[in-house]
Structure formats: C-alpha cells, structure tokens
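Data first, discussion second: the structure below is written as structure tokens.
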There are 2 protein chains.
Amino acid sequence: MENFTFHSPTKIIFGKDTEQQVGTEAKRHATKVLLHYGGGSIKRSGLYQRVVESLHTADVDFVELGGVQPNPRLSLVRQGIQLCRDEGVDFILAVGGGSVIDSGKAIALGVPYDGDVWDFFEGKAEPATSLPVGVILTIPAAGSESSDSCVITNEDGWLKRGYSSQENRPVFAIMNPVLTFTLPPYQTASGAADIMAHVMERYFTNTPHVDYTDRLCEATLKTIIKHVPMVLLEPENYDARAEIMWASTLAHNNLLSTGRIGDWASHQIEHELSGIYDVAHGAGLAVVFPAWMKYVYRHNIDRFVQFAVRVWNVEQNFFEPEKTVLEGIRRMEEFFQSIGLPVTLEGLGIPDDRLEEMAAKCRKSPDGTVGNFVKLTSEDVLNILKLAK
Amino acid sequence: MENFTFHSPTKIIFGKDTEQQVGTEAKRHATKVLLHYGGGSIKRSGLYQRVVESLHTADVDFVELGGVQPNPRLSLVRQGIQLCRDEGVDFILAVGGGSVIDSGKAIALGVPYDGDVWDFFEGKAEPATSLPVGVILTIPAAGSESSDSCVITNEDGWLKRGYSSQENRPVFAIMNPVLTFTLPPYQTASGAADIMAHVMERYFTNTPHVDYTDRLCEATLKTIIKHVPMVLLEPENYDARAEIMWASTLAHNNLLSTGRIGDWASHQIEHELSGIYDVAHGAGLAVVFPAWMKYVYRHNIDRFVQFAVRVWNVEQNFFEPEKTVLEGIRRMEEFFQSIGLPVTLEGLGIPDDRLEEMAAKCRKSPDGTVGNFVKLTSEDVLNILKLAK
C-alpha cells in the first residue's frame, strides 16, 4: 500500500426534498451567489423555482448564468468569471450534472486569478485560492459533486483537459435521488458507465496489497451493475436511484484510490473522442474500456481474474485463467449493451479516419506515455482505438 | 434508504513516517497545543520524541498531559480542561488509541463550556463550540480518529457514556501503520473485534434497500477477517497492518451507516461490562455480539443469511435458512477464538452475580429500550447476558 492523504470535506446532504436546504447551506458561505445551470431542464422540472425560493427565504442574493453544455466550454467559463467579478459574487451554486459542476468549479478557480483560467488546465499555474462551490446534483455520473477534479473543453482546438486540486472540492452537495427520475435511459446508462469507469481506473493498479480498496471498488461496481437495469425498467424506483447516486459520489471522491495508484488511460483516450465528436463521456468510456482491457490484461492476469470472478461472478477456470478473464470482459460488454450503450466506435457513430490524430493528441505524462497500469505509447493508444472500431 | 447527512472532514494522512508532518499540520490550527497521551508507551517507542521534535521544528508551543487509562476517566478530562484554561491552550493533540483520543475530545468539548463537561454525556447540554483536535493514531480499533463519537467513564458510579456530535470530528488524523507493529496480540485482537462490532452495529438494520452500504460493510468485515490472523503471525507485516488501520477508520466514520439506522444494543450492553469490570472494550464486544445475534436473528433471517453467506462464506442451505445463520454465527465465534478472544463472560473473567444490575443499568432510549434492530427490554438484555455466560 502507498502512503496517501485523503481529505474529502464536502458535506453530503442526501435524500428526498433536500434541495429545500440550499438557501440555509449557501448562507453559511455566501454574500452573493452565482446560480449556474445548463440548458433549462431545471426550469421545466420546477427545480429552478424551488432553488430560487430557498435562496430568497434564506435572504441570499444571487445572479445567474445558464447555458452550460455537455463537455462544458471554456468560453462560458470565461463569461462566468467576468460576471462574478462584475457582480461581486463570492459563491458558486452549480445546479445540474457534472458538466455544470465542472463549469462552476472552473469559474470558481478563475475569479480570484489574474491570468487566464485555462492556465490551470495546461499545467502552467496553480491556483492560490478559489471561490467556494456548492452543488445540487441532478445526474449521477461524473462524481464532480465531491471530487477534486474538473474537466473543461477549449473550443479552440477542441481540447478537453482535466485539472485536479483540493481547491475543487465543493463545500456541500445536495443529492435528491428524485431529481434523477426523469433522466432519459441513454443518459442514465452513460452515467453508469462513467461511474464504473471511475472505479475501474482505480481498480487496475500495479500497487500490491490493496485488498480493502479492491473490495470497496468491487462493492461499488456490483451496486451499479445491480441497480441500473432496475431503474431502466422502473425510472421512479427511489431506492435504486439512491444507490446509484451515492455510488457515483464514492466512485470519484478518491476514497477508492486511497493507498493505490490508478490507471486513467481510458479516460485520457476517451477525452479525445468526446473532445472531437462531442459524444457522451460515459458512452465513450463504454467503448474504450473493453478495448483497453483486451489490450493490457496480460500485464496482470491475476488482477483480471479477480475482477471477473468477484465483479462479474464468472466461475473461475483455475487451469486456464485467460478464459476467466475474457469471460469477465465479455460480460462487461454484454452489460453495457444490455443497458443500451455502444461498445464500438462504430456504434458510437465515430468514423475511423481520425484515429491517428486522436492517438497523437492524447495527453501524455512527462515521460511521453498514457496511463499507469501499462504505460501506453501513441502506437498503443492507436492499437486500442483500432480494437474499439 | 433513509435521508442522511454525511460530513467527514477529517484530513487523513496515512503511511510510513507521516508523524513527521504533525508540527506542520498542528501549526495550521494551533497557537498552543495540549499534547495528550496515555501510560508512556509513546515515550518508550520513541514516538513522543519525534512528535516533540516536529512541534519544535514547526515552532508550535505546547504543554502536556499523559496518564490516560483504557476506558478513559472523567477525572483526568476535568484535569485537562483546567490545564488548558490555565495555559491558554487552543488545540488538543491526542497521541494514542481510542481512549486517548476520546479523552482529548472530551477536554476539547469542556474547555469553552461554562458547566461540567459530563453534562454532554448525560444529554443535559449541547456544546456551542469546542477546541479543534488532531490525532496521531497508535491503535486501530475505536475509529475515534475521524469519528463523531467520544466515550468517557465517570468513576462516580462507573458509568461509561458516549456522546456523539459533529464537533467531535478531529481536524486531522495521522496514521502510520508502523506504529502498530508493537501492539500485543490481545490488543490487536480486541481492536479487531471493536472494528467488526462497529460495522455489525450498522449492518443489522431494519432499513430496507441499503445494498450498497451492505456491501461496503461486508468489504470491511472481510478485510479484518483476512488480515488480523496475518498480523498475529507476522506483527511487522506493514501491508496487513495498513489494511486493518484504514478499515478501522472507515468502520466508524459513519460512511457505513449512510442511509440506514444501525442497532448499537451490543455496544450499550458492553459499556456496562467494561464500565464495571474494566475489560478491553473489543473483547467485551466479542462476548456480547454472538449472544445478541443468537437472541435476535429470527427478527430478520434473510439479513443473517446474507451475513453468513457473504461475510463468512457459508455455503447457503436454501431449504433450512436457520442452519445457514447459525453456521455464520458459529464461524464468527470460531474466528474470535482463533485470534485469542473470549466469547463468554466466563472467558472474559466476569462472574454472573451482577448481570441483573448491568441489565437494569444499561442505557435506554427515551422509550425505555436498548437497540434498534430489535428494541430490547431490560429482561431481553438480561437474557442476552445469560446467553453469554
């Protein structure tokens, strides 16, 4: 096990009607709030009105900025930063899914910074401070509601880049599973793949002796595998929605990577897909991850056997471990397909004429490789993309 | 699933040599520190000297108070409160196991309070504030290093009482598994039973649809069951010590009770044992829990079947579920015995002449009962104690 620091101070307020507490919670941190949201679904659902009422009741002043798109854009972030400066905003309230929250986090980083906020995403600067962020979550997927990460897309070159920092942890996250009842099936399924990918990026590690976190990862994966088919059949199944929502948070608040070094190649590769083609991040991961697995599993057959047996209930073939591994990967693909996700680039609607470009662009570590479990070259990335065709 | 608020803001600093960071961490919160510890083992081990050096290096002023005993005493807490007031202490650094940490938490609660600190434990008052507490953990067991709970024994009547509050969460917990290498086998085993009990108190719930937290509980129990025998054979097995230490924290920071109502009868009953007889808390729990299980399992056979199958790997008897349940309980008793713990009052050295007194004294809820899974009367508690003879 590796040494680690784990500090997840986000206050989680979870359950029915919890959005009514937003005014009181924001009041603890805010003089003036930026209410940040997406395309307007929170207005249609009535959530916007309840949030505004709660802010009014708690006597919290606010301005608003909607219009966050999936794969949130740098241009809107810059617009939000200017608005906050002009209006004297000192607290960001993000109401939505991971895109809205990430956009809000980026605004929070940028407001007190003299330079351009994109500097953080390019590794050119570290923030000295940032505004506090609060969240009302409507989509369980990205885990951004308590994570230290933030992913933004720069339209100039369609670069999708993440920036992780303790500054990015929201001060509170309000999570009402009822708000997820109206999520369309494809978005529910894409979210599930995103959650599972967050766990699997941590699961596939070279760190030995991490049995406890292995088991916590497996518990999280099994929870998603069990409950997502349930909510696709019964979108208003509160308890199943709640299990998924809570799993989405723990999948990405770094609890599951305590003491271990994760991989993250699949995320880096997927960022190239959704950066260029604007596909749903989770759906992209459902395509990339099986291909990555097929490409790297020989690196540590035992870990893949454990994954197949414990997560996918494969009956272990003690004499031919590779068969156990491949059956585990097959069941994962079958699961993704069963919940309506593609498992090939073609199924995702991505042609094969820019694979080289994506492999070349894929963000590398200082040593020029992608990922940790196996350190992939651009050629490896290209091979994985070809396996995913 | 129930609504919940989960807020565990303790910064965990985990791994080899991490105690060297204590000065820097304390400096963030402290003007003057109370260095609080137990019987002096930290002086013999050299930890005391390393802590003092780190405080000196960071230029942090401190006074000290040692002498905390297992089942920490109210009299020393009162002494610590007076010392802190006299010396202008604004930060408590507890170096030790659960007893030292709980003693430190009680001092932290008492310093800014005008009345007697015991008021909090009797439910007569709520703290408006408390001093911040930092921890260097040396015994994985109580989970107090990040929990919201604190248990103190009042020598006047040997009342052992807990008080839980968000105020009790330490601001940081430094956890170096190497510090646990020298724990004697009985203390290691008692700690393991305490950790398992914290999980099982949460596991046996009447809240339906809590599959995710069930699985997280099972992961934690299996981690303890796997690694404790390993460290009894190899006390300096770093990775096994690390798995136990991290499990001890997550077992009791309320992560595993998110969305569910736990039981806690066994803890209440054990408090009477260790309040009067001063036995190790964990060893007391190893005696009470199996008896409690045998007394209540019919209340929800399915939950006990799941426990037996998933935690103890009992091959399920689908036609006679009671056999599966009883085999699970038997394996738990066998496990406790295998790590050197008693599973009867007699084995614990407790005679049977004060069982009625303990059953009568056992702290009741406002409705006069003990526990939640099954609400026990004093007569039920007596029956459980008799089953444990």
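The values are calculated or read from the model by the stated rules, or taken from the named source; none is laboratory data. Owing to the predicted nature of the structure, the values given are computational and were not obtained by experimental measurement. All Cβ positions, even for glycine, are placed from backbone atoms using ideal geometry, and neighbour counts span all protein chains on display.
For this structure, a couple of remarks:
- Only one entry in A:Gly104, A:Gly46 is within 27 Å of A:Asn253 (Cα to Cα) and at pLDDT 95 or above, namely A:Gly104.
- Of the set (1) outside any loop (DSSP other than H, G, I, E, B); (2) aliphatic (A, V, I, L, M); (3) under 30 Å from A:Leu233 (Cβ atoms), all apply to A:Val279 but (1).
- Residue, farthest from B:Ala359 (Cα to Cα), within region B:151-167, restricted to residues that are polar (S, T, N, Q) and surrounded by fewer than 24 Cβ atoms within 10 Å (Cβ to Cβ): B:Gln166
- Conditions (1) out of contact with any Phe, Trp or Tyr (no Cβ under 8 Å at 6 or more places or on another chain); (2) among the charged types (D, E, K, R); (3) crowded, with 24+ Cβ neighbours inside 10 Å; number of the one not met by A:Asp148: (3)
- Of all residues assigned to region A:243-260, none qualifies as being among the aliphatic types (A, V, I, L, M) and over 18 Å from the mean Cα position of the chain (by Cα).
- Of the residues in region B:152-172, at least one is at the interface with chain A (Cβ under 10 Å from one of its Cβ atoms) and assigned to a strand (DSSP E or B).
- Any hit, region B:252-263, residues being of a type in the set (A, V, I, L, M), within 11 Å of chain A (Cβ to nearest Cβ) and farther than 18 Å from B:Asn168 by Cβ: no
- Hits in region A:4-47 - residues which are away from chain B (no Cβ under 14 Å), outside any loop (DSSP other than H, G, I, E, B) and either closer than 19 Å to A:Asp102 by Cα or of a type in the set (A, V, I, L, M, F, W, C) (or both): A:Ala26, A:Val33, A:Leu34, A:Leu35, A:His36, A:Ser41, A:Ile42, A:Leu47
- Selected residue [of a type in the set (A, V, I, L, M) and either surrounded by fewer than 17 Cβ atoms within 10 Å (Cβ to Cβ) or under 19 Å from A:Val77 (Cα atoms) (or both)] from A:Ala189, A:Ala128, A:Ala173: A:Ala128
- Conditions (1) within 11 Å of another protein chain (Cβ to nearest Cβ); (2) surrounded by 22 or more Cβ atoms within 10 Å (Cβ to Cβ): number failed by A:Asp194: (1)
- Count of residues meeting criterion [part of a helix (DSSP H, G or I) and surrounded by fewer than 24 Cβ atoms within 10 Å (Cβ to Cβ)] in region B:229-253: 6
- The requirement of being surrounded by fewer than 16 Cβ atoms within 10 Å (Cβ to Cβ), more than 26 Å from A:Ser274 (Cα to Cα), in contact (Cβ under 8 Å) with a residue 40 or more places away in the chain and not assigned by TED's automatic domain parsing to the domain that holds A:Ser274 is fulfilled somewhere in region A:85-108, by at least one residue.
- A single entry from B:Gly80, B:Gly98, B:Gly88 fulfils the requirement of being of a type in the set (Gly, Ala, Ser) and either on the phi > 0 side of the Ramachandran plot or modelled with pLDDT under 95 (or both): B:Gly88.
- Search result, residues across region A:186-215 that are on the phi < 0 side of the Ramachandran plot and over 18 Å from the mean Cα position of the chain (by Cα): A:Thr205, A:Asn206, A:Thr207, A:Pro208, A:Val210, A:Asp211, A:Tyr212, A:Thr213, A:Asp214, A:Arg215
- Of the set (1) surrounded by fewer than 20 Cβ atoms within 10 Å (Cβ to Cβ); (2) at pLDDT 95 or above; (3) more than 30 Å from A:Val178 (Cα to Cα), all apply to B:His7 but (3).
- Condition met for B:Tyr238 (within 10 Å of chain A (Cβ to nearest Cβ), hydroxyl-bearing (Ser, Thr, Tyr) and out of contact with any Pro (no Cβ under 9 Å at 6 or more places or on another chain)): no
- Qualifying residue in region B:337-347 (condition: closer than 17 Å to B:Tyr295 by Cβ, out of contact with any strand residue (DSSP E or B) (no Cβ under 9 Å at 6 or more places or on another chain) and buried (at least 17 other Cβ atoms within 10 Å of the Cβ)): yes
- Considering region A:109-136, the residues that are assigned to a helix (DSSP H, G or I) and without any contact (Cβ under 8 Å) to a residue 40 or more places away in the chain include one that is nearest to A:Asp17 (Cα to Cα), namely A:Gly110.
- Candidate set: region B:214-226, residues that are within 8 Å of another protein chain (Cβ to nearest Cβ) and over 15 Å from B:Met245 (Cβ atoms); chosen: the one surrounded by the most Cβ atoms within 10 Å (Cβ to Cβ): B:Leu216
- So B:Thr188, is it touching a Lys or Arg at 6+ places or on another chain (Cβ under 8 Å), polar (S, T, N, Q) and either under 25 Å from B:Gly371 (Cα atoms) or outside any loop (DSSP other than H, G, I, E, B) (or both): no
- Residue within region B:18-34 that is closer than 23 Å to B:Cys150 by Cβ, of a type in the set (S, T, N, Q) and in contact with a strand residue (DSSP E or B) (Cβ under 9 Å, 6 or more places away or on another chain) present: no
- Residue ID - nearest to the other protein chains (Cβ to nearest Cβ), chosen from residues in region B:198-209 that are in contact with an Asp or Glu (Cβ under 8 Å, 6 or more places away or on another chain) and not in a helix (DSSP H, G or I): B:His209
- Contact map, region B:44-69: residues that are in contact (Cβ under 8 Å) with a residue 60 or more places away in the chain paired with residues that are hydroxyl-bearing (Ser, Thr, Tyr) and surrounded by 13 or more Cβ atoms within 10 Å (Cβ to Cβ), Cβ distance under 8 Å, separation 6+ or inter-chain. Pairs shown: B:Ser45/B:Thr182; B:Leu47/B:Thr138.
- Per the conditions (1) in contact with a helix residue (DSSP H, G or I) (Cβ under 7 Å, 6 or more places away or on another chain); (2) in contact (Cβ under 8 Å) with a residue 40 or more places away in the chain; (3) more than 10 Å from every other protein chain (Cβ to nearest Cβ), the sole criterion not satisfied by A:Met230 is (2).
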